[in-house]
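The values are calculated or read from the model by the stated rules, or taken from the named source; none is laboratory data. What you see is a predicted model; the values in this text were computed from it and never measured. All Cβ positions, even for glycine, are placed from backbone atoms using ideal geometry, and neighbour counts span all protein chains on display. These area figures cover heavy atoms from the full protein model, side chains too; ligands, DNA and RNA do not enter into them. Shrake-Rupley method; radii C 1.70, N 1.55, O 1.52, S 1.80 Å.
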Amino acid sequence: KSSSSSSSFLPPPPIAPTTRVSETRVYYPGQTYDPSELEGSFASVAPSASQKTRRVLKKGKDLDAFVARAIDWKDAKMLSTRFVSETGKIVPRRQTGLGAKTHRLVVKNIKIARIMGVLPFTDRLPQFAR
């Protein structure tokens, strides 16, 4: 009786090792991929342009120097076209590319220009619209 029960129970078959479809992307069950992603070997995958070269200068280093010298609350055209959106909001640092210190200087000048009546609080000046 014990020999018949042991013969009915078999260990599961060995699981074959999974192969990666792409070296750069992990695919999960249910995801699809293009056949073009399967072509070629992984060794022939060239690095992208952003991986080859790195920017030496930071995003707004040159712009910071220019803006710090040229910023003035009386210059409505410069403030309105570059640093104030069409709805009158101050454009954030990540969009202008300015450093924190220079951005604070720009914000201070925009607020002074608004209080002095050089810039409107809500909309951009129509003569300076893009």
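Results, tabulated for the structure shown:
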read-out: Within the range 62-87, tally of residues that are in a helix (DSSP H, G or I) and surrounded by 13 or more Cβ atoms within 10 Å (Cβ to Cβ); value: 11
read-out: Subset of the range 88-97 that is within 14 Å of T122 (Cα to Cα) and not small (G, A, S) - its residue that is least open to solvent (accessible area, probe 1.4 Å); value: V91
read-out: Residues of the range 98-115 classified as open to solvent by 70 Å² or more (accessible area, probe 1.4 Å) and within 23 Å of the chain's Cα centre (by Cα), total; value: 2
read-out: Test: residue in the range 38-57 that is hydrophobic (A, V, I, L, M, F, W, C), open to solvent by 60 Å² or more (accessible area, probe 1.4 Å), at pLDDT 70 or above and on the phi < 0 side of the Ramachandran plot; value: no
read-out: Among (1) more than 21 Å from K61 (Cα to Cα); (2) modelled with pLDDT of 90 or more; (3) among the small types (G, A, S), the one test that A100 misses; value: (1)
read-out: Yes/no for R94 being among the basic types (K, R) and modelled with pLDDT under 90; value: yes
read-out: Given (1) surrounded by 12 or more Cβ atoms within 10 Å (Cβ to Cβ); (2) part of a loop (DSSP other than H, G, I, E, B); (3) at pLDDT below 70, index of the condition T18 fails; value: (1)
